[in-house]
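Just so it is clear, none of the values below were taken in a lab; they were calculated from the coordinates. Everything numeric in this text was worked out from a predicted model, so none of it was measured. Neighbour counts run over all protein chains shown; Cβ positions are idealised from the backbone, glycine included.
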Amino acid sequence: MVRGHMEKALQVLNEMEQHGVIEKYALGGAIALLFYTEPVLTYDLDVFVFLPQEKQNRLLISLEPIYAYLKSKGYFSHKEHVHIEGIAVQFIPVYNELIEEAVKKAKKLKYNKTTVRVLSLEYLIAIMVQTGRPKDRMRIGAIFEQVKIKEKIFVEILKRHQLYDQWKGLKS
């Protein structure tokens, strides 16, 4: 992904929040890992979002306001992504307590001159434990080889979300 395009895409996310299209967001997935570790191959930007309250109270969550807003800005969607400044962005509504907590506690970090919210490394790993995909297990191993995490915080997150036993199973 080209650095300038990424920054413009992140600026669009901030603009969407300012205009109330989304309530709050945080970067997740492999792109979020770039803030903490060496690059990982990825093709999209995962953005966890809180939708405005009146849109969350429905039984069926619709991302149509996001797509409509971005279409009005000249961006197009393809399958589950919206292409913003050449970056494939996937909007993922907060769907469980772990993700909700992770987005609420996201860190404000800088990407060049743009401030963005990014899930903390401990939450990113906890989400990978929860999803349990083979690629996540591989990424977890690489993360622990590259950086030191805040282990006490990580274990507290795992225990709070009943993931500690799953984590122990992954480690063995």
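Could you work out how much longer the chain between F144 and Y164 gets when fully extended? Use 0.36 nm per residue separation minus the Cα distance between them, nm to one decimal.
So the chain would gain 5.5 nm between F144 and Y164.
Do any trypsin sites (Lys or Arg not before Pro) in region 121-172 lie in a loop, going by DSSP, with at most 10 other beta-carbon atoms within 10 Å of their beta carbon, and if so which?
K148
Using the crude model of +1 on Lys and Arg Cβ and -1 on Asp and Glu Cβ, and no other charge, please compute the dipole size for the chain relative to its Cα centre, in debye to 20.
The calculation lands at about 340 debye.
Using the reciprocal of the averaged 1/r over all distinct C-alpha pairs, how large is the Kirkwood radius of the chain in Å? Could the numbers behind the result be given before it?
On the way: mean 1/r = 0.0596 Å⁻¹.
One decimal place: 16.8 Å for the Kirkwood radius.
Quick one: compute the contact order of the chain, relative version, from alpha carbon pairs under 8 angstrom and 6+ residues apart, as a percent.
Taking the mean separation of contacting Cα pairs over the length of the chain, I get 22 percent.
Counting only chymotrypsin sites (Phe, Trp or Tyr not before Pro) that are in a DSSP loop and have at most 12 other C-beta atoms within 10 Å, tell me the longest site-free stretch of the chain.
96-172
By how many nm would the segment from R133 to N96 grow when fully extended, if each residue of separation counts as 0.36 nm and the alpha-carbon distance is taken off?
11.6 nm
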